[in-house]
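A.B. asks: Quick one: the structure is below, questions incoming.
The values are calculated or read from the model by the stated rules, or taken from the named source; none is laboratory data. The structure presented is a predicted model; accordingly, all values stated were derived computationally and were not measured. Here the Cβ positions follow ideal geometry from the backbone for every residue, glycine too, while neighbour counts run over all protein chains shown. Side chains are part of the model used for accessible areas, which takes the heavy atoms of the whole protein and leaves out ligands, DNA and RNA. Shrake-Rupley method; radii C 1.70, N 1.55, O 1.52, S 1.80 Å.
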Amino acid sequence: MVTSPNDLHCRWAGRVTQVDVLSGAVPFARLIAAWLGRWPVALAACFLLATAVLLPRLGGPGLWEPHERQVSDRVAPPILPPPAASAGKPAPPAPAPLAPAARDAKDSCVRAVPQNASARTLTARAIQWGRDTIGDSDGGRRLPIALLGLLTVLAAAGTAMRLAGARAGVVTAIVVVAMPLLTLQSRMLTSEIGTACGGSLIVYGLVALGQLYPGRTRSDAPAGKVIGKVIGKVIDALVAGAALAAGLVLGFYGGGVLLGLIVPLGAVAVAGSLGAPLVAAIRRGQPIAPSIVAVLATLAALGLVGLLAHQLYDLKPLYPGLTPPPAREVLGKAIIPSGCYSWALGGIWRPEDDLRFIYDSTFEQIAYGSFPWGLIAPVAMAALLAGADPRRKLLGAVTLAWAGAAWVAGEVFQRKVGFTVYAGFPALAIAVGAWLDGVLSGRTHGDPAAMPPGAKLIALFALLGIVDLGKDMQSFTERLTSLFVGTDGVTYPMQARLGLLPTKAWVLILGGVVALGFAFAMGLWRGGDTPRDRWYQRFATRSAIAAIGATIVLAAFWTSIWQPRLALHLSSKAMFETYEALAGPGDELVVMGDLGQAPFAYTRKPPQPVPDRTQIIAALARSNRVFAIAPQTELCALHREVAGKPYFVVDDRNQRSLLLSNRVDGTTDKNPLRTAIVHEEPKNIRVRPKGKVVWDNRIELLGWDLPKTVARGKRFDVTLYYKILSPVGGAWKTLMHFDGPSGRAGNGDHEPIGGRCPTSTWQLGDYIIDHFTTSAGGAFPGGVYEVWLGFFTGAAPNWKNMTVSEAPGDMRDNVDRVRITTLGLE
């Protein structure tokens, strides 16, 4: 066994000897940490971790619609059988090809993305290549994108290994795979992972080339050792060169010149002080490779900026009536945005700004997409820059410049071109990985400078910041589900659950565990040698291990739980799987609504498209078994117009559509309106009012069912029964107030019957059974509270209550509420 601390890089574990290991005196965790200090083992661990997180079940969750489905249908529609193989039914039309690029009538200015575009087309090319090469399936389309994510992890870990040691690369890999910007983007067809992948490879290649100086070799060194060293340097150079070349290609095709090339090249240039130290290095006889790399990166970045400026702007003489008016002037000429497509930019640089994007709009994307460790990255970068190790200082400079340049470029791109995804998140992970490894390593060796100044303050900041951000993600979860499609483009499905909790709650729970582990690791460490100090040291170390373990669990959560659970409700694939499982050989399927190519990709035979619900109703009335897919918004009208004929909801999980059938064989009826809107008076009304209660001569209260006493703050069930006397109209909500001597102890205001059918659809002869859950009490004292009921519309202070047209005098008040009972709070 190798026992040298230099070989094992035992900065976490200390010195591990053969006797220690064999006798069991060294904990297993220390042995693992020691082995991870060897770069081949560390690299293999990074590869296995990324593979285990990113590659499994690529075809399982289905496509998130409509965004991913639209991308897939546009660039790689399913390969359909010829019409003869479809039982005589015509094959669906293929998506229309992209229109030729429009050109200005006066010149050759292209006003649209041309068909032969190269920049920013990597995702589309990867999807099409996956379909044609790997397989015509969701998994086949996703696998190339997942491999780009895997390559991003390895490149980021490799950069950390180059400048901070093997174990820092492992921590970097753990941190980056827990970031939604990496993990989810590597498994979605709306991703821009190619930009981050290209940038990571470019930075790794340049950093590796900057470290390729021969160093001094002893004159009496064995020839074999010298040859081995030379061979190692040659292999290093080849790997670095290959990574750089691949990064340049992927960066250009993924993000174009601005996002994919200028950002990483400029970051390395700035970190190397634009190559200015080259002269000093030559004069002092120091290694010049790092400075040469910085010089080349600087020249390349400046050249690319000049290329973009040449393509994006025109210099025109000033003259009256110049349109648009000149915003900038140089040497008597106006600098005018061309408004043309740029092959280097990969888009059209608009003359006007998109005011929907402000210059800090990317911060929210960064915060949510790099949760939870991204919040610590600025602290890590500052600590690396302030450290004494020149290699770690360089890493701090590179990551700070990279993350900052990606933010600036992203903001400018969104303002002038269109939506993009922040691609600088690998820099955040590298900084956190290198800094955290340095802290843990240094304090294990007893380095008095290992713990940063204000460690307890950093611990408190991390704990409060991560928990607060996790709470924000509970209220604004649409920002997380919409990371790769724009602002609030994908609605979070509230019915998604894991165990007894909503799926989104586990984001906060896992993030909180990471935050607690990090806070204890930073805030409880003591440098003494007393038994009490050693107890604190062990607890802090185990807390750090717990934080890293929770980070790995969070990474697996995104791909194994979050995406599959949400896809059940956001993708139609699960609905078509239900149809395929229930349908017999002669059963038919009719589809209403635009589902793209999904019905043809996920079924054995093409379905029959229908234009409106009347044909859905007609199909369900056939004697044979028929399945139908209709929008969720049509259920209320279908329920009314089906006129008592049998129909059942056999799959209600999709947010946009329902799977219906005229038979329920093999499953159960999941129709939410079956027990919510009926046409006979319910027989099981537990409590009825003492007199007739009617609102606006339209809605009569038949009764209610709610407990007599409940625990304060605990949720309880309520059922209200109404008879509709005439069409209600409007969009009224139910108010339920719990009033007592100490004030209003809560309210059960809600949309009746879960918002399935608004009051505007309630008609004469309907009986409404409104079942919901609510709570009361909370911080209010126990006692007896009056329960008031009514209907309202609008919002405070402009709300309006529906008029009470009939009720006993002792049940009503002067704001059109009705007191139905009392509730005891314990």
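A.B. asks: Inside region 370-390, can you point out the residues that are in contact with a Pro (Cβ under 9 Å, 6 or more places away or on another chain) and surrounded by 24 or more Cβ atoms within 10 Å (Cβ to Cβ)?
C.D. replies: Correct list: S370, F371.
A.B. asks: Output the residues belonging to region 589-636 that are of a type in the set (G, A, S), in contact with a strand residue (DSSP E or B) (Cβ under 6 Å, 6 or more places away or on another chain) and outside any helix (DSSP H, G or I). Even if it seems obvious, please write down each step before you answer.
C.D. replies: First pass over region 589-636, keeping only residues of a type in the set (G, A, S): 593, 596, 598, 601, 618-619, 621, 623, 628, 630.
Applying the additional criterion that residues be in contact with a strand residue (DSSP E or B) (Cβ under 6 Å, 6 or more places away or on another chain) yields 593, 619, 628, 630.
The answer is G593, A628, A630.
A.B. asks: Hey, which of the strands (runs of 3 or more DSSP E) in region 767-826, taking only ones fully inside, have at least 1 residues that are more than 24 Å from T675 (Cβ to Cβ)?
C.D. replies: Once the strands (runs of 3 or more DSSP E) in region 767-826 are filtered for at least 1 residues that are more than 24 Å from T675 (Cβ to Cβ), what remains is 783-793, 804-806, 818-825.
A.B. asks: Considering each residue of region 119-135, count those that are in a loop (DSSP other than H, G, I, E, B) and either in contact (Cβ under 8 Å) with a residue 60 or more places away in the chain or surrounded by 21 or more Cβ atoms within 10 Å (Cβ to Cβ) (or both), and give that number. Write out each step before concluding.
C.D. replies: Keep residues of region 119-135 that are in a loop (DSSP other than H, G, I, E, B), which gives 119-121, 135.
Subset that is either in contact (Cβ under 8 Å) with a residue 60 or more places away in the chain or surrounded by 21 or more Cβ atoms within 10 Å (Cβ to Cβ) (or both): 119-121.
The qualifying residues number 3.
A.B. asks: Of the residues I145, I202, which is open to solvent by less than 10 Å² (accessible area, probe 1.4 Å), among the β-branched types (V, I, T), under 22 Å from G486 (Cβ atoms) and assigned to a helix (DSSP H, G or I)? Before the answer, list the steps.
C.D. replies: On the way: I202 fails: under 22 Å from G486 (Cβ atoms).
From the options I145, I202, the qualifying one is I145.
A.B. asks: Looking at the structure I just gave you, is G586 open to solvent by 20 Å² or more (accessible area, probe 1.4 Å) and part of a loop (DSSP other than H, G, I, E, B)? Outline the logic, then answer.
C.D. replies: Numbers: open to solvent by 20 Å² or more (accessible area, probe 1.4 Å): yes; part of a loop (DSSP other than H, G, I, E, B): yes.
Yes, satisfied.
A.B. asks: What is the residue count in region 470-507 for residues that are farther than 28 Å from T123 by Cα, among the hydroxyl-bearing types (S, T, Y) and part of a loop (DSSP other than H, G, I, E, B)?
C.D. replies: 1
A.B. asks: Being under 16 Å from D770 (Cα atoms), of a type in the set (G, A, S) and either at pLDDT below 90 or assigned to a strand (DSSP E or B) (or both): is that true of G703 here? If you could, list the steps in order and put the result at the bottom.
C.D. replies: Numbers: under 16 Å from D770 (Cα atoms): yes; of a type in the set (G, A, S): yes; either at pLDDT below 90 or assigned to a strand (DSSP E or B) (or both): yes.
Taking the combined requirement at face value, the residue satisfies it.
The rows are residues; the columns are (1) at pLDDT 50 or above; (2) surrounded by fewer than 14 Cβ atoms within 10 Å (Cβ to Cβ); (3) out of contact with any Gly (no Cβ under 9 Å at 6 or more places or on another chain).
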{"site": "C10", "(1), (2), (3)": "no, no, no"}
{"site": "D20", "(1), (2), (3)": "no, no, yes"}
{"site": "L43", "(1), (2), (3)": "yes, no, no"}
{"site": "Q70", "(1), (2), (3)": "yes, no, no"}
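Residue-wise test of (1) of a type in the set (D, E); (2) open to solvent by less than 30 Å² (accessible area, probe 1.4 Å); (3) within 15 Å of W788 (Cα to Cα).
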residue: R688; (1), (2), (3): no, no, yes
residue: N697; (1), (2), (3): no, no, no
residue: G703; (1), (2), (3): no, yes, yes
residue: K708; (1), (2), (3): no, no, yes
residue: K714; (1), (2), (3): no, no, no
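A.B. asks: Here is a follow-up. How many of the residues making up region 545-566 are of a type in the set (A, V, I, L, M), surrounded by 21 or more Cβ atoms within 10 Å (Cβ to Cβ) and closer than 14 Å to A496 by Cα?
C.D. replies: The total comes to 1.
A.B. asks: Now a separate question. All but one of (1) within 21 Å of P77 (Cα to Cα); (2) at pLDDT below 90 hold for V591; state the number of the condition that does not hold.
C.D. replies: Checking V591 against (1) within 21 Å of P77 (Cα to Cα); (2) at pLDDT below 90, the one that fails is (2).
A.B. asks: Follow-up. L463: within 20 Å of G523 (Cβ to Cβ) and part of a helix (DSSP H, G or I), yes or no? If you could, list the steps in order and put the result at the bottom.
C.D. replies: Numbers: within 20 Å of G523 (Cβ to Cβ): yes; part of a helix (DSSP H, G or I): yes.
The answer is yes for L463.
The rows are residues; the columns are (1) open to solvent by 10 Å² or more (accessible area, probe 1.4 Å); (2) within 21 Å of G149 (Cα to Cα); (3) outside any helix (DSSP H, G or I); (4) small (G, A, S).
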| residue | (1), (2), (3), (4) |
| --- | --- |
| R392 | yes, no, no, no |
| W407 | yes, yes, no, no |
| A427 | no, yes, no, yes |
| G433 | no, yes, no, yes |
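A.B. asks: List the helices (runs of 4 or more DSSP H) that sit entirely inside region 219-313 and contain at least 2 residues that are in contact with a Lys or Arg (Cβ under 8 Å, 6 or more places away or on another chain).
C.D. replies: Values: elements: 223-256, 263-271, 278-284, 289-312.
The helices (runs of 4 or more DSSP H) meeting that bar are 223-256.
A.B. asks: Of all residues in region 765-783, how many are modelled with pLDDT of 90 or more and open to solvent by 40 Å² or more (accessible area, probe 1.4 Å)?
C.D. replies: Adding up the residues that qualify gives 2.
A.B. asks: Right, here's the next one. Would you call R532 in contact with a Phe, Trp or Tyr (Cβ under 7 Å, 6 or more places away or on another chain) and open to solvent by 80 Å² or more (accessible area, probe 1.4 Å)?
C.D. replies: Considered against the rule, which asks whether it is in contact with a Phe, Trp or Tyr (Cβ under 7 Å, 6 or more places away or on another chain) and open to solvent by 80 Å² or more (accessible area, probe 1.4 Å), R532 comes out as no.
A.B. asks: Tally the residues that are in contact (Cβ under 8 Å) with a residue 24 or more places away in the chain, surrounded by fewer than 20 Cβ atoms within 10 Å (Cβ to Cβ), closer than 23 Å to E641 by Cβ and of a type outside the set (V, I, T), restricting the search to region 726-764.
C.D. replies: 11
A.B. asks: Applying the selection to region 437-464, what residues are closer than 17 Å to G511 by Cα and buried (at least 17 other Cβ atoms within 10 Å of the Cβ)?
C.D. replies: Step one: list which residues in region 437-464 are closer than 17 Å to G511 by Cα, which gives 458-464.
If the condition is that a residue be closer than 17 Å to G511 by Cα and buried (at least 17 other Cβ atoms within 10 Å of the Cβ), then I458, A459, A462, L463 are the ones that fit.
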